[in-house]
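No lab work stands behind these numbers, since they all come straight from the coordinates. Bear in mind the structure is a predicted one, so any value in this text is a computation, not a measurement. Cβ sites come from the backbone with ideal geometry, for glycine too, and all protein chains shown count toward neighbours.
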Amino acid sequence: MDVAREWVNAGRHAPPFWVLADEQTAGRGRQGRGWRSLPGNLHATGVFATARPLHELPSLALVAGLAVIDTVIPQLMQPDRLRLKWPNDVLLGERKLAGILCESERRERDALVLVGIGVNLAHAPRDVDLPATALASEGVVPPAPETFLFRLARVFAHLQQSWEASGFAALKARYEQWMWGRGQKVVISDETAGEGRIAGELAGIDEDGALLLETAAGRVRVVSGRLRLHNAPSHGGRAP
């Protein structure tokens with residue numbers, strides 16, 4: 001993502017464009033976590049300019065999750081095992097297949113948004129706390145990262161058009177169809193913000209992409225945090 005930002009700031013490329021890396025050994029995940037992705041997996045960053053309000057920009061990470069789902073579906077015998085784990089993971093079964101990181105900055109006339117996407121095509125990382133899988137681990141002949149990105153970018157562009165026109169509200173129902181944990185008792189924590197833990201039933205998301213929990217005190221809106229099932233072990237997985 002840093003390389004993509006440098007290219008924009010140096011005037012080498014104007015958005016929209018994608019950057020594909022062969023390998024990442026010093027990647028950055030949510031909340032500054034480090035991560036590594038091996039050759040044969042996808043590690044790409046999309047760079048976009050938008051006039052949408054600043055508070056809506058994080059929802060583009062949810063749009064990217066939908067794009068990954070739509071790109072992977074044709075390759076799986078059991079696509080119903082796919083799930084979107086808010087806010088930035090794509091699961092296959094209960095294992096992580098992909099992770100997303102969205103960063104943005106306001107400019108004079110618009111906002112610059114960088115969407116980092118990592119997909120385990122050929123290799124499932126073993127040095128992470130959150131169990132992972134890869135397409136190859138599921139009996140799928142993994143596409144080359146270049147081929148996968150070509151398909152992903154085309155799907156993402158279609159979804160982004162809806163997002164640009166109407167915000168995340170246009171895609172909310174589709175996201176909830178694939179949403180992990182909906183209707184179940186969950187716990188969300190955000191220690192970095194000093195907000196502790198919130199437990200409740202996962203009701204869904206709102207039109208800005210924020211998580212909605214039904215708690216004993218009423219409905220709570222959550223904009224960031226780490227999500228897990230109630231009474232499930234806490235994983236410290238590193239997400240791209």
- Message: Quick check: pseudo-label points 7 Å beyond the Cα along Cα→Cβ at Phe17 and Ala165, how many nm apart are they?
- Response: 2.8
- For Met179, enumerate residues with amide H under 5 Å from its amide H, sequence gap 5+ or separate chain, H modeled in the peptide plane. Leu84
- Task: Kindly work out what percent of the DSSP beta bridges joining two residues of the chain are antiparallel, to the nearest 5.
- Result: 95
- Please arrange Thr45, Thr147 by counting, for each residue, the other beta carbons lying within 10 Å of its beta carbon, fewest first. Thr147, Thr45
- Computed [θ] at 222 nm, deg cm²/dmol, the chain (DSSP H ≥ 4; -39,500 (n - 2.57); rounded to nearest 500): -6500 deg cm²/dmol
- Query: Of the labelled options (1) 134; (2) 125; (3) 165, which one gives volume of the Cα convex hull per residue in Å³ as computed for this structure?
  - Reply: (2)
- Message: Starting from the 7 Å offset along Cα-to-Cβ, what nm value, one decimal, do you get for the label separation of Val3 and Arg109?
- Response: 2.9
- Query: What list of ³J(HN,Hα) couplings, whole Hz, do you get for the range 89-104 from phi and the Karplus terms 6.51, -1.76, 1.60, once you set θ to phi - 60° and write x for glycine and proline?
  - Reply: 10, 10, 10, 10, x, 10, 10, 6, 9, 8, x, 9, 9, 10, 10, 8
- Label point distance in nm, Ser137-Asp206, each placed 7 Å from Cα along Cα→Cβ: 3.6
- Note on the structure: With +1 on the Cβ of every Lys and Arg and -1 on the Cβ of every Asp and Glu, the dipole magnitude of the range 2-177 about its Cα centre, in debye rounded to the nearest 20, is 180
- Item | Gain upon complete extension [Val223, Arg151; 0.36 nm per residue less C-alpha separation] | 23.0 nm
- In what sequence do Phe168, Phe156, Phe150 fall when counting other Cβ within 10 Å, fewest first? Phe150, Phe168, Phe156
- Query: Build a GNM of the chain with springs between Cα atoms under 10 Å: which of Gly93, Gly196, Gly209 gets the top mean-square fluctuation?
  - Reply: Gly196
